[in-house]
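Read through the structure below, which is laid out as structure tokens, and then see the notes.
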Amino acid sequence: DEEPENFTFVEKHTAHLIQKPYERCDMAIIMTGSQGTGKDLWCTHLSKMIGLEYFLDISSMSLLFKDFNSNHGRKLLVKLNEISDKGEHFDKHNQLKEKITATRVRIEPKGFDAYYLENYARYYGFSQHDNIVMVENTDRRFMMIKTDNEKANDQEYFSKLFKETEDPLMIQSSFNYYSSLDITDFNPRVFPNTNYRDDQKIQSLPYQFKFFYYLFKNQ
């Protein structure tokens with residue numbers, strides 16, 4: 001990404017996950033960029049630091065809202081993979097916001113009564129498209145980043161990174177770093193207002209307002 005404050009936020013957001021798993025974030029990090037830019041690799045690395053039992057990888061938005069969701073409980077990290085352009089996430093915008101900020105998550109095992117658990121999950125959303133979530137002008141839930149595509153699908157570059165993330169010593173070193181990083185004044189609800197996020201606010205406007213915005217933009 002080309003906006004340095006984004007790196008600092010993600011770094012401290014990760015440290016917050018390690019140091020304060022009992023505190024809620026009430027927001028989601030949305031990353032968009034070409035296929036093969038390392039988005040999945042990052043979450044895979046995070047999952048190894050916290051333990052796979054605390055990680056949930058969701059391949060489609062519909063699975064986030066399915067009825068039988070016993071695998072959704074006790075998660076610290078939830079990855080929403082390959083969010084489609086103007087897809088089901090738009091139709092279920094309010095449900096997505098509620099899921100991110102819910103203090104409890106409803107667990108419904110098949111054949112058993114539903115029950116509730118405290119919700120401490122951090123959410124990451126990945127996509128290859130630009131227009132993926134509805135970002136209102138007063139939005140406080142979506143921190144949005146566009147990835148740098150320069151190294152996309154560079155097998156030599158990413159194979160070296162992948163090899164390092166497989167090394168238990170690397171995982172331990174990462175955990176030690178994030179567990180000791182200073183996050184004294186860090187608040188995950190206060191995140192950078194990126195250029196990409198501003199653009200998404202415009203794209204989320206009703207068509208009539210968007211028309212007038214572009215009409216008078218360069219006047």
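The values are calculated or read from the model by the stated rules, or taken from the named source; none is laboratory data. Note that this is a predicted model, so its numbers are computed, not measured. Backbone-built Cβ (ideal geometry, glycine too); neighbour counts: all protein chains shown. The accessibility values were calculated without ligands, DNA or RNA, using every heavy atom of the protein model including side chains. Shrake-Rupley method; radii C 1.70, N 1.55, O 1.52, S 1.80 Å.
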Quiz item: For the range 172-196, which residues satisfy the criterion of being in a helix (DSSP H, G or I), touching a Ser or Thr at 6+ places or on another chain (Cβ under 9 Å) and at pLDDT below 95?
Solution: Y196
Quiz prompt | the range 107-145, subset open to solvent by 90 Å² or more (accessible area, probe 1.4 Å) and farther than 21 Å from S59 by Cβ, residue nearest to the chain's Cα centre (by Cα) | solution = R140
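Here are some residues: F68, F9. Which one is more than 25 Å from S159 (Cα to Cα), outside any loop (DSSP other than H, G, I, E, B) and in contact (Cβ under 8 Å) with a residue 24 or more places away in the chain? Steps first, please.
Working: F68 fails: outside any loop (DSSP other than H, G, I, E, B).
Result of the check over F68, F9: F9.
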Exercise. Tally the residues that are assigned to a loop (DSSP other than H, G, I, E, B), of a type in the set (D, E, K, R) and at negative phi, restricting the search to the range 12-39.
Key: 3
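Look at T194 and say whether it is under 25 Å from E5 (Cβ atoms), of a type in the set (S, T, N, Q) and surrounded by 15 or more Cβ atoms within 10 Å (Cβ to Cβ).
yes
Residues that are outside any loop (DSSP other than H, G, I, E, B), within 27 Å of N71 (Cα to Cα) and not hydrophobic (A, V, I, L, M, F, W, C): does the range 145-159 have at least one?
Residues of the range 145-159 outside any loop (DSSP other than H, G, I, E, B): 145-146, 155-159.
Now restrict to residues that are within 27 Å of N71 (Cα to Cα): none.
Among the residues of the range 145-159, not one is outside any loop (DSSP other than H, G, I, E, B), within 27 Å of N71 (Cα to Cα) and not hydrophobic (A, V, I, L, M, F, W, C), which makes the answer no.
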